[in-house]
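Notes follow once the structure below has been shown.
The values are calculated or read from the model by the stated rules, or taken from the named source; none is laboratory data. Being a predicted model, the structure only gives us computed values, none of them experimental. With ideal geometry, Cβ positions are generated from the backbone for all residues, glycine too; neighbour counts draw on all protein chains shown.
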């Protein structure tokens, strides 16, 4: 039997060494708050040789704002009209079909907008609401 263990790295820093026991799972503990792109690598270490590093990038997001914008979209599903109400003013609203084609766009500075939907083909659409440099996407159904 081979003497084997795994070295696990995050951003070229050795996190830990794990003996092979049939369970290759790994937890990044203790948790250190990180954000942005992190590169994780694993190297298998045998008695006389080690493997090449196998690496992957992970994007970690932390610090979500507690002041999330409240958004109401109604009625959904809609037939004649759909209304958007938000707790903050938005800059732009667009509607895209499932092929990604923009079928509606309105640049505005408001927190309430009603959109006539009677001319849209029945189906599922993506409603995109832009708040400055942030975007919120919602699924809407037109029948």
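Which one of 43, 130, 93, 126 is in the same structural domain as residue 19 (by TED's automatic domain parsing), surrounded by 13 or more Cβ atoms within 10 Å (Cβ to Cβ) and assigned to a strand (DSSP E or B)?
43
Can residue 120 be described as surrounded by 11 or more Cβ atoms within 10 Å (Cβ to Cβ) and part of a loop (DSSP other than H, G, I, E, B)? For residue 120, the condition - surrounded by 11 or more Cβ atoms within 10 Å (Cβ to Cβ) and part of a loop (DSSP other than H, G, I, E, B) - is met. Considering the stretch 46-74, and only residues there that are surrounded by 13 or more Cβ atoms within 10 Å (Cβ to Cβ) and under 28 Å from residue 130 (Cα atoms), the residue that is modelled with the lowest pLDDT turns out to be 69. State all residues of the stretch 79-89 that are at pLDDT 95 or above and surrounded by 18 or more Cβ atoms within 10 Å (Cβ to Cβ); if no residue qualifies, say none. Those that are at pLDDT 95 or above and surrounded by 18 or more Cβ atoms within 10 Å (Cβ to Cβ): 82, 84.
Pick out the one residue from 89, 109, 114 that is closer than 17 Å to residue 135 by Cβ and over 25 Å from the mean Cα position of the chain (by Cα). Going through 89, 109, 114 in turn, the sole match is 109. Taking the criterion of being at pLDDT below 85 and part of a strand (DSSP E or B), the residues of the stretch 7-37 that qualify are 15, 16, 17, 18, 19, 36, 37.
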